[in-house]
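Q: What follows is a single structure, and I will ask about it in a moment.
The values are calculated or read from the model by the stated rules, or taken from the named source; none is laboratory data. Note that the structure is predicted; figures quoted are calculated from it, not measured. Cβ coordinates were reconstructed from backbone atoms using ideal geometry, including for glycine residues, and neighbour counts include every protein chain displayed.
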Amino acid sequence: METNDLILKKLKKVKKVLERIPSINEGGCGYSALAMYLWLKKHKYPMENVSFVYLYSHNGYTYQHNENIFNKKKRGKPTSCSHVMININGTLHDSNSLLDSKSQSLLDLGFEVLHKHENINVKQLKKSLSDDTSWNSCFHRETALPIISKKLGIKM
């Protein structure tokens, strides 16, 4: 059985695969985070300290809409955000970045963040991703998701 440290080392290779997908961080960041989550789960990584973070670089409808849903003030389906990262034991990851939240800020990675939602669970992420009209259309789901599934050995 693989150790947790070994699994996290192998995650670097997963991120290399993901960063080669066209527009993965321009409309595909939620799928990138989901792919890492599914890959970790497949390799039996303990999932209790894994969640998603929604980042917003603006005030606007999507932030307010999600704020109401995540705080249970309103029913409905969450929508997109400016960027999604996966939080693994307090470290934020996307396909080409790593942020140790204890020693760095999102500005260190070039993200200007006005708001964020933390501790988003996989069910909320999947609901949000199902609203394909609100995410950046540069990411071509129809072609990219089968490639991600095949290369990582997961079912998107």
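Q: Assuming residue 14 fulfils every condition listed in (1) in contact (Cβ under 8 Å) with a residue 40 or more places away in the chain; (2) touching a strand residue (DSSP E or B) at 6+ places or on another chain (Cβ under 8 Å) apart from one, which condition is it?
A: All conditions pass for residue 14, except number (2).
Q: Filtering region 67-85 down to residues that are in contact with a strand residue (DSSP E or B) (Cβ under 9 Å, 6 or more places away or on another chain) and among the hydrophobic types (A, V, I, L, M, F, W, C), which residue is surrounded by the most Cβ atoms within 10 Å (Cβ to Cβ)?
A: Per the stated criteria, the residue is 85.
Q: Evaluate the following for residue 79: is it within 20 Å of residue 59 (Cβ to Cβ) and either of a type outside the set (Phe, Trp, Tyr) or modelled with pLDDT under 90 (or both)?
A: yes
Q: Out of curiosity, is residue 102 modelled with pLDDT of 75 or more, basic (Lys, Arg) and at negative phi?
A: no
Q: Hey, can you tell me all the residues within region 110-148 that are without any contact (Cβ under 8 Å) to a residue 12 or more places away in the chain and part of a helix (DSSP H, G or I)?
A: Once the filter is applied, which keeps residues that are without any contact (Cβ under 8 Å) to a residue 12 or more places away in the chain and part of a helix (DSSP H, G or I), region 110-148 yields 123, 142, 143, 146.
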